[in-house]
Amino acid sequence: MSAPQSETALKTIAMAIIIAVHFMLIALVLYLGNAEEFVVSAWEALQFCFIIALILLLVLYVLGRLFRGDWRCRYTVALAALGLLIWVQGTVLIWDYGILDGRNIDWSIDAWRGWLDATLWVCVILSSLIFYRRVEKLFYKLAFAVVVIHIATTTYSSITNLEKLNRSSGADYNSDKALEEVYKFSTKNNIVHLMLDGFQSDVFEDLMNHETVGDEYRSQFSGFTFYNETLGVFPYTRFSVPAFLGGKIYKNDTPKNDFIKSVLKGNTILNVAYENDYDVDIASEAYFSALYANGNHTNSHIISKDSVTDFKSQNAATILDLTLFRVAPHFIKRYIYNNQNWLIAPLFSSDDYLQHRYFSHTAFLNKLTENMSVARDAPVYKYIHVMNAHNPMVVSPNCGYAGQTLNTTRETLTVQSKCTLDTIIEYFKKMKDLGLYDNALIIIHADHGGWVVPHKWKQKIYWKNGPEISPLAASLASPLLAIKPPGSSSDSLSISPTLASLADIPDTISDIMNWDARFGGESVVSLDPGKLRDRKFYFYAWQRDAWETDYTGPIQEFLITGSHFETPWRAGKIVLPTPTNY
């Protein structure tokens with residue numbers, strides 16, 4: 001009996017190791033596919049997963065020691081089955097849940113996924129327990145074969161992504177000293193560039209015309225001109241950034257990360273400011289901070305999801321949550337996701353709600369307001385990218401936590417946008433108190449709109465010779481844009497019907513500042529408000545592997561003459577994802 005028991009014990013250890021290896025490999029693949037979203041190195045991000053894998057290995061082995069005879073054999077075969085299931089669920093049955101940013105996932109939709117997952121898990125586990133003698137050899141062979149395949153594919157992925165795997169932690173440059181500098185202004189010639197991710201144009205207009213707060217809001221935006229006909233360039237942030245900083249349009253003929261990095265290293269308004277002896281301060285969340293760091297800057301601050309938590313623990317908890325989400329069957333995923341509160345991340349946060357970017361980014365803006373000072377010699381260009389108005393909708397009418405993620409409707413988006421404006425207005429008030437506001441150039445805009453159909457939208461748009469596109473494309477094409485030139489003396493917000501584009505922003509700033517730089521667009525402050533103008537919007541659908549693929553999906557070009565709310569969108573060429581499409 002001792003030999004078979006000893007042999008079974010070795011198999012138990014082997015199967016437990018295989019489960020732990022699968023878990024770590026899936027975590028590594030998730031890190032490599034989303035490396036830009038993490039501030040820390042691969043090891044720092046994977047440390048919790050490694051610890052969990054070791055604990056899992058120990059627990060599985062100790063449990064195996066409790067069984068004797070046939071029950072130990074059953075247990076070992078069940079471990080082999082579990083390893084196979086983790087691999088299948090984590091690498092094959094990868095269901096599309098959209099963007100995991102806290103917006104509601106309707107778990108009742110496509111419930112067949114859950115039944116398929118549940119059927120697979122129940123059948124395989126029961127087979128391993130009931131028919132263990134018949135399936136023992138098959139399950140062991142499959143378990144070894146699959147882990148070898150998994151190791152080989154992950155090794156290949158790691159070799160092809162050595163730059164991501166070998167990069168050092170970026171948390172060091174996010175120092176307290178950099179944040180202290182971000183608080184400081186110069187005595188003159190300041191530029192404040194606020195990018196409010198996802199703030200929709202007509203929601204801003206609704207708030208400016210609100211019967212109770214509209215008058216106050218318009219007075220607080222004194223000197224600003226609001227361009228209510230601004231057209232976006234792309235429906236999502238990634239390609240919008242190169243357009244509004246450098247006037248460059250992604251054409252799907254270059255790997256997207258290479259394109260963005262090359263644009264941000266080149267002729268952007270931030271680099272032009274730096275060349276004109278401006279201190280350039282940048283603040284944004286981790287993913288975008290890594291991109292913005294490709295350009296010239298003086299200080300860079302990463303806005304944490306929870307300013308109390310260190311980035312190493314925060315990033316490690318995030319990758320652990322993502323790994324658990326990936327390997328869990330459909331019906332269990334909802335409890336791990338927990339409306340973006342997640343399962344592990346809250347353990348490393350001072351408050352659950354700080355996992356939502358509205359609250360952490362609001363806390364950051366409040367810190368900027370509280371600590372604002374005039375203590376710099378060189379003129380300062382502050383580029384601040386915050387996501388207060390972005391999904392998910394989590395704010396109650398009193399700007400507190402709603403207790404859960406809310407559906408994105410015009411009402412919930414307006415509430416969250418109003419609370420965002422309240423925070424921005426406090427920032428403006430502090431600038432006025434310090435004598436900084438009047439002589440500063442202030443640009444406030446979004447990268448795209450906010451997922452509710454604009455009031456004036458009455459038409460339909462289509463892929464060229466293809467199906468209808470969701471009317472939400474019209475909201476994504478409708479970002480906020482408001483500009484206050486230095487010395488602007490109006491007592492209230494002005495509204496201009498100028499046919500502006502986000503791609504005009506760098507030329508507009510260069511024109512206002514009298515810098516000798518051109519980006520291929522127009523200066524909106526110099527355009528005739530009544531002039532018709534051809535503008536373009538480039539639509540593409542969100543894809544599940546958007547963060548992992550070198551190119552995006554097909555991009556539909558639209559040509560629009562006049563108001564994009566009322567003028568027909570003419571479908572132009574479709575740009576396919578290929579390096580030779582031109």
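Packing, as the average of other Cβ atoms within 10 Å across residues, places the peptides 480-493, 286-299 in the order 286-299, 480-493, highest first.
A DSSP coil position with no more than 16 other Cβ atoms inside 10 Å describes the following GluC sites (Glu not before Pro) in region 472-581: 548, 566.
Taken about its Cα centre, region 2-166 carries a charge dipole of roughly 1000 debye when the Cβ of each Lys and Arg holds +1 and the Cβ of each Asp and Glu holds -1.
Quick check: the angle from helix 357-371's long axis to the longest principal axis of the chain, C-alpha only, nearest 10 degrees? It is inclined by approximately 50 degrees. Taking a cut-off of 27 Å between Cα atoms, list the lysines near residue 432, but don't count ones fewer than 8 places away on the same chain. Reachable lysines: 177, 184, 188, 367, 382, 418, 484. Charging the Cβ of each Asp and Glu at -1 and of each Lys and Arg at +1, and nothing else, the dipole of the chain about its Cα centre rounds to 2200 debye. Annotation note: trypsin sites (Lys or Arg not before Pro) in region 195-295 located in DSSP loop regions with a Cβ neighbour count of at most 15 within 10 Å are 251. Close amide H pairs (under 5 Å, H built 1.01 Å from N) link residue 187 with 376, residues at least 5 positions away or on another chain. For the chain, find the longest principal axis of its Cα atoms and tell me its angle to the long axis of helix 70-91, 0 to 90°, nearest 10. Once rounded, one gets 20 degrees.
In the chain, helical runs assigned H by DSSP with n ≥ 4 each contribute -39500 (n - 2.57); averaged across all residues and rounded to the nearest 500, the mean residue ellipticity at 222 nm is -14500 deg cm²/dmol. Ignoring lysines fewer than eight residues from residue 164 along the same chain, the ones with Cα atoms less than 23 angstrom from its Cα are 256, 261, 265, 305, 312. Restricting the chymotrypsin sites (Phe, Trp or Tyr not before Pro) of region 386-463 to loop positions (DSSP other than H, G, I, E, B) with no more than 10 neighbouring Cβ atoms within 10 Å leaves nothing.
With the contact rule set at Cα under 8 Å and sequence spacing of 6 or more, what percent relative contact order holds for region 204-335? It comes to 13 percent, rounded to a whole number. Entry note, the chain: relative contact order of 22 percent, from Cα contacts under 8 Å with a spacing of 6+ residues.
Applying a 4.7 Å Cβ-Cβ cutoff to the chain leaves 49, 73, 123 as cysteine residues with no disulfide-compatible partner. Counting only alpha carbon atoms, the long axis of helix 256-265 and the longest principal axis of the chain meet at about 40°. Charged side chains reduced to their Cβ positions (Lys and Arg at +1, Asp and Glu at -1) give region 176-289 a dipole of some 600 debye around its Cα centre.
Any read-out appearing in this document is the output of simple, stated calculations on the displayed coordinates, not a laboratory observation. Just so you know, these numbers come straight off a predicted model, no measurement behind them. Glycine gets a Cβ as well: all are built from the backbone with ideal geometry, and neighbour counts include every protein chain shown.
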